[in-house]
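*Asks:* Can you keep this structure in mind? I'll have questions shortly.
The values are calculated or read from the model by the stated rules, or taken from the named source; none is laboratory data. The structure presented is a predicted model; accordingly, all values stated were derived computationally and were not measured. Cβ sites come from the backbone with ideal geometry, for glycine too, and all protein chains shown count toward neighbours. Protein only, heavy atoms only, side chains kept; ligands, DNA and RNA dropped before computing areas. Shrake-Rupley method; radii C 1.70, N 1.55, O 1.52, S 1.80 Å.
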Amino acid sequence: MRTDHDTWDITTSVGSTALFVAAARALEAQKPDPVAVDPFAEIFCRVVGGRWADLLDGAAPDHALKSEFGTDFVNFQGVRTKYFDTYFLEAAAAGVRQIVLLAAGLDSRAYRLDWPVGTVVFELDQPQVLDFKRDALAGCRPTAQRREVAVDLRDDWPRALLDRGFDPTSPSAWIVEGLLIYLPATAQVQLFSGIDALSAPGSHAALEEAVPMDAAVFAAKREAERADENSSNGGPFFQLVYNEQYEPAAQWFGARGWQADATPLPEYLRAQGRPVPGPDSEAGTMTSTISLISAIKR
């Protein structure tokens, strides 16, 4: 269960979810027709080793990512990666040179996207997560200037970001990917407010959000997960999320001068040629609640 001041590394608590997602990106890249290719995702899995490396070698048939749910989840991660990659390249083409990865986890965009000269990528996350990434990619050269900001997003992260040289008078591009569900509603609005306060006109923001589950359904799933210590085969999930939403992101940003557009995940899956999970499946239930949002501050 979460606590107000809990911490983690890449193999525990919220950190382990980043590893699960990286493994999904690595499996997407192995397909003959990948929607997105992240070559660094495999590096992370092999550095951790064990069943994460076995998974990529086809030697972990009982892994959750090899289940029906896993097949749909890999598709989801492929298209989500494509959506946010496209978003960043469009922001860069518009002249943005400050990139902010909130809860950067194992995001490798500072290494694999073709950033214009002068781009600075700020990566905010727990110190142990940033340490792991730095060590895992020690032999790799980033394609932009990369600045680590070791901070918990429940703390004063705007001050930490400013202290690392972020310029609030210049346009910036922000990403909130795979994060909101791990924050209580109060922390979500603090995050939104921080982005808005630090964003000059012409700034961009992109977010992934999910509509909370019915409270009774969520409680039942959390209890079932507690009873199964091997749930998700990648660590607990329902123990880590808050199932709260302060306000839909497009609505919140739209009311503050941002032009915000939301794309339902099923719609984007179809646009990328990937199947939409059936409504009665576990993945279908999840997929139907998720939207991908991009916004520009006018």
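*Asks:* For region 11-61, which residues satisfy the criterion of being open to solvent by 50 Å² or more (accessible area, probe 1.4 Å), among the polar types (S, T, N, Q) and modelled with pLDDT under 95?
*Replies:* Thr11, Thr12
Here is a yes/no grid of residues against (1) open to solvent by 60 Å² or more (accessible area, probe 1.4 Å); (2) assigned to a strand (DSSP E or B); (3) without any contact (Cβ under 8 Å) to a residue 24 or more places away in the chain; (4) among the basic types (Lys, Arg):
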{"site": "Leu106", "(1), (2), (3), (4)": "no, no, no, no"}
{"site": "Tyr111", "(1), (2), (3), (4)": "no, no, no, no"}
{"site": "Ala138", "(1), (2), (3), (4)": "yes, no, yes, no"}
{"site": "Arg159", "(1), (2), (3), (4)": "yes, no, yes, yes"}
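*Asks:* Has region 87-98 got at least one residue that is of a type in the set (Lys, Arg), farther than 25 Å from Ile293 by Cα and in a loop (DSSP other than H, G, I, E, B)? Give the steps one after another, and end with the answer.
*Replies:* Start the filter on region 87-98 by keeping residues that are of a type in the set (Lys, Arg), which leaves 97.
Subsequent filtering for residues that are farther than 25 Å from Ile293 by Cα retains none.
No, region 87-98 contains no residue that is of a type in the set (Lys, Arg), farther than 25 Å from Ile293 by Cα and in a loop (DSSP other than H, G, I, E, B).
*Asks:* Pick from Gln239, Gln259: which is of a type outside the set (Asp, Glu) and either under 30 Å from Ser203 (Cβ atoms) or within 17 Å of the chain's Cα centre (by Cα) (or both)? Even if it seems obvious, please write down each step before you answer.
*Replies:* Numbers: Gln239 fails: either under 30 Å from Ser203 (Cβ atoms) or within 17 Å of the chain's Cα centre (by Cα) (or both).
The unique qualifying residue is Gln259.
*Asks:* Do we have any residue at all in region 125-133 that's acidic (Asp, Glu) and not in a loop (DSSP other than H, G, I, E, B)? Walk me through how you get there before you give the answer.
*Replies:* Restricting attention to region 125-133, the residues satisfying the condition of being acidic (Asp, Glu) are 125, 131.
After this cut, where a residue has to be not in a loop (DSSP other than H, G, I, E, B) as well, the list is 125, 131.
Yes - at least one qualifying residue is present in region 125-133.
*Asks:* Scan region 161-183 for residues that are touching a residue at least 60 places away in the same chain (Cβ under 8 Å) and open to solvent by 20 Å² or more (accessible area, probe 1.4 Å) and report the count.
*Replies:* So the count comes out to 7.
*Asks:* Continuing with the same structure: Are there helices (runs of 4 or more DSSP H) fully within region 208-298 with at least 1 residues that are in contact with a Ser or Thr (Cβ under 7 Å, 6 or more places away or on another chain) and open to solvent by less than 20 Å² (accessible area, probe 1.4 Å)? List them.
*Replies:* Details: elements: 215-227, 249-254, 265-271, 282-287.
Fully inside region 208-298 and qualifying: 215-227, 265-271.
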